[in-house]
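The values are calculated or read from the model by the stated rules, or taken from the named source; none is laboratory data. From a predicted model like this one, the values you see are computed outputs, not experimental measurements. Here the Cβ is made from the backbone with ideal geometry for all residues, glycine too, and neighbour counts use every protein chain on show. Protein only, heavy atoms only, side chains kept; ligands, DNA and RNA dropped before computing areas. Shrake-Rupley method; radii C 1.70, N 1.55, O 1.52, S 1.80 Å.
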Amino acid sequence: MIASITGRTFAAFANIGQMIAMLHEIQENATELNIQFMPFPWQTLRDDLEDIERIASELSLDATQESLRYAINLWERGFGDVGGIVSLSKSDTERLSWTLQMVRMNFSTQMQSRLVLVMGTKHAHYLNNEDPPFGHRVEDVFPTSSEEISEAAKCLALQRPTAVVFHLMRAMELAVQRMAQLLGRDNPESKVWGFILSDIDAEIQKMPKGADRDAWSACHTHLYHVKQAWRNDTMHPKTTYTEAQAEVVFDAVKSFMTHLADLAPSGTHRSSACNGSLP
């Protein structure tokens, strides 16, 4: 189980601490049976509880979830009055203060049995970003590579550079097969890289000279250098990559696949750049 605990979560606990202090102060000075609150901090409290509830659910923190449910139930009682003013009975105010303390205590206690990894902001977005790491265009054109690209991005965030390159090479292999199909070659999945590259080169050489041929030729050259420089070495168990090297490979593969995706319209088996150019 993995949960994303961001700065927003730490701010939520800080806000809850301030709310507990405010509730204590109100209780000491309250003379009425019903206590009124301003809407803004009240709504902020609900947002904070929901953020913590998400994490508690993802990590199966049952005791924390139970205290959160009670706190949210008390929070909902505050909207009994009209006019935008939040009103809560003095007894419920005391219960809410106690429950918020239980939320903090249960969360702290249960998190002691969890492993927490703290990472910098450099690549952390790859763990909680819903957008494809190489963009929607690459994912659309090369759907079979999307899982490997996603895993490479996660490994980059978790500082596993050799795994980054390994997943990228698997993604590239699928992209090479797709490129061969776009150029009209049959059954590229049954061939190794070297033969596929030869087939691709043969198809490119059949194209008339011009911008289209140059663009595909550039893709072929880039593919060859990727194979020679990275893929062959990655298959050897003793070969490892540093984080800096993995970043270079990641950026290069992203650049290549983005360029190739522009040459390969999604939903087709052959690039429009080659229509009429291939036999």
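When only residues in region 62-78 that are assigned to a helix (DSSP H, G or I) and open to solvent by 90 Å² or more (accessible area, probe 1.4 Å) count, which is modelled with the lowest pLDDT?
Residues of region 62-78 assigned to a helix (DSSP H, G or I): 62-76.
Next cut, open to solvent by 90 Å² or more (accessible area, probe 1.4 Å) only: 62, 66, 69, 76.
Details: ASP62: 94, GLU66: 95, ARG69: 94, GLU76: 82.
That would be GLU76.
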- Note on the structure: Requiring at least 3 residues that are touching a residue at least 12 places away in the same chain (Cβ under 8 Å), touching a helix residue (DSSP H, G or I) at 6+ places or on another chain (Cβ under 7 Å) and over 25 Å from ASN29 (Cβ atoms), the helices (runs of 4 or more DSSP H) wholly within region 79-158 are 90-111, 136-141, 146-157
